[in-house]
């Protein structure tokens with residue numbers, strides 16, 4: 001089973017939207033990536049998001065394309081500066097789970113799961129992109145399986 005980590009789509013500035021919802025560009029990119037993931041056969045059982053407007057909107061777009069059987073819900077502990085080691089204790093690779101959140105939390109979570117250190121960067125996310133982690137069959141440790149990012153350059 002896989003863990004899909006998604007950085008929310010590009011958001012509006014605070015002066016335009018104090019809650020910083022998705023911009024038109026952010027929405028378009030997320031819709032594109034979600035549809036590509038669906039067309040590649042990505043399946044998720046559940047989508048969790050931080051509760052912030054931009055993460056919730058991103059999660060809802062992915063849910064519309066991927067149709068998670070357990071739905072979409074806000075989760076505690078995945079805001080930008082939340083405690084990565086504490087949150088990681090709750091991660092089990094027993095079902096396909098998508099987490100939609102923010103930097104630096106998500107990149108620190110990737111680093112922690114792969115290396116055991118939050119300050120050792122191993123991957124740079126992009127707004128609206130997906131990183132798939134899965135357990136290595138031989139070592140039973142998380143590994144990067146694939147990534148789908150809006151830009152490759």
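None of the figures in this text is laboratory data; all of them are computed from the coordinates on show. Just so it is clear, the structure is predicted and the values come from calculations on it, not from any experiment. Because the Cβ atoms are built from the backbone with ideal geometry, glycine has one as well, and the counts that use them run over all protein chains shown.
Structure data summary
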{"read-out": "Candidates 106, 12, 133, ranked by Gaussian network fluctuation over the chain, Cα under 10 Å, top entry", "value": "12"}
{"read-out": "Most fluctuating residue given options 86, 103, 66, as computed from a GNM of the chain linking Cα atoms under 10 Å", "value": "86"}
{"read-out": "GNM flexibility winner over the chain from 24, 82, 15 (Cα, springs under 10 Å)", "value": "15"}
{"read-out": "Estimated inter-spin distance, residue 145 and residue 40, nm [label 7 Å along Cα→Cβ]", "value": "1.1"}
{"read-out": "Virtual spin-label span in nm between residue 115 and residue 86, 7 Å along Cα→Cβ", "value": "2.3"}
{"read-out": "Where the Cα pairs of the chain fall when distances are cut into 5 Å bins, in %", "value": "2, 10, 20, 25, 22, 14, 6, 1, 0, 0, 0"}
{"read-out": "Approximate spin-label separation residue 60-residue 134, in nm, with each point projected 7 Å along Cα-to-Cβ", "value": "3.2"}
{"read-out": "Three-way shape call for region 21-107 based on the alpha-carbon gyration tensor, with the a/c threshold at 1.5", "value": "oblate"}
{"read-out": "The chain: calculated mean residue ellipticity at 222 nm from DSSP helix runs of at least 4, using -39500 (n - 2.57)", "value": "-9000 deg cm²/dmol"}
